[in-house]
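Report on the structure given below.
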Amino acid sequence: MRLTSIPFLFATVLFASTFLTSCAYEKSAAYDGNYDMVPPPPAVREGLYANADILEEEDRSKVDFNSLSTTKEYSGPKMLVYNANIGITVKNSDSTISQITRIAAEQKGYVVSKSNYQITIRIESEKLDGTVAQVSKLGKLTRKSVSTTDVSDNYADIKIRLDNAEKARTRYLELLAKAENVEAALKVEKELERLNTEIDQLRGQVIKMEHDVRFSTLTVNVNQKQKLGPLGYLFVGIGKGIGWLFVRG
């Protein structure tokens with residue numbers, strides 16, 4: 001009887017050990033797979049969104065779209081802005097202003113502003129030198145200057161900011177589609193409104209900069225010769241006569 005109880009006792013201990021080990025393993029596996037034990041992000045805890053992955057990387061009121069892309073060096077053609085300024089003296093300023101206006105139209109340019117003694121026109125950059133030479137022949141050239149500004153870096157920076165803003169807007173549109181309530185939708189729509197305004201401003205800067213590169217600015221200061229009265233012409237004639245005598249002598 002004693003010999004029979006020993007194998008039975010050994011079997012009982014072995015079964016209990018196996019059962020306890022199995023239970024411990026199942027409990028550990030169940031714990032490892034229980035993702036509800038991980039606390040959700042603050043925005044999810046507040047009930048704004050149902051999915052924990054929506055704002056886990058953007059748990060703030062605004063998306064910093066300036067950090068979405070890394071800074072890239074501008075690799076395109078140089079973005080150069082040319083501004084020319086000349087001064088001419090003419091007999092009649094009104095007719096000269098009209099002539100310059102016609103020249104601008106012939107060169108597919110346009111007039112920015114004009115008065116009796118000054119006119120500013122925009123000309124395609126490749127035609128600037130020829131237009132300056134043409135306008136200079138309308139009178140006596142008294143002043144001429146041409147300045148060049150390289151806006152390549154600024155242009156590249158604006159383009160990157162625009163690209164980041166558009167990417168951020170795409171991400172907010174995705175959040176809007178997943179919004180679970182009105183509060184969440186209003187919050188995202190507010191950020192979308194801000195981004196849309198920013199995008200419009202950046203696009204405007206890009207368009208203006210590209211236009212400034214394509215069309216150079218030419219400002220012409222027109223000085224009219226003073227008309228002499230009868231006595232003035234008399235003294236001029238006397239002066240020329242005296243000069244002729246000295247040259248002859």
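The values are calculated or read from the model by the stated rules, or taken from the named source; none is laboratory data. Please read these numbers as outputs of a predicted model, since none were measured by experiment. With ideal geometry, Cβ positions are generated from the backbone for all residues, glycine too; neighbour counts draw on all protein chains shown.
Points to keep in mind about this one:
- So ILE199, is it farther than 30 Å from ASP94 by Cα, assigned by TED's automatic domain parsing to the domain that holds ILE103, modelled with pLDDT of 95 or more and surrounded by fewer than 11 Cβ atoms within 10 Å (Cβ to Cβ): no
- Hits in the stretch 188-226 (condition: among the β-branched types (Val, Ile, Thr) and not in a helix (DSSP H, G or I)): THR217, THR219, VAL220, VAL222
Yes or no, residue by residue, for (1) out of contact with any Leu (no Cβ under 8 Å at 6 or more places or on another chain); (2) in contact (Cβ under 8 Å) with a residue 40 or more places away in the chain; (3) in the same structural domain as LEU80 (by TED's automatic domain parsing):
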| residue | (1), (2), (3) |
| --- | --- |
| GLU126 | yes, no, yes |
| GLY139 | yes, yes, yes |
| TYR155 | yes, yes, yes |
| ILE160 | yes, yes, yes |
| TYR172 | no, yes, yes |
| ALA177 | yes, no, yes |
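- Residue satisfying condition, being surrounded by fewer than 18 Cβ atoms within 10 Å (Cβ to Cβ), assigned by TED's automatic domain parsing to the domain that holds ALA84 and assigned to a helix (DSSP H, G or I), within set ALA168, ALA185: ALA185
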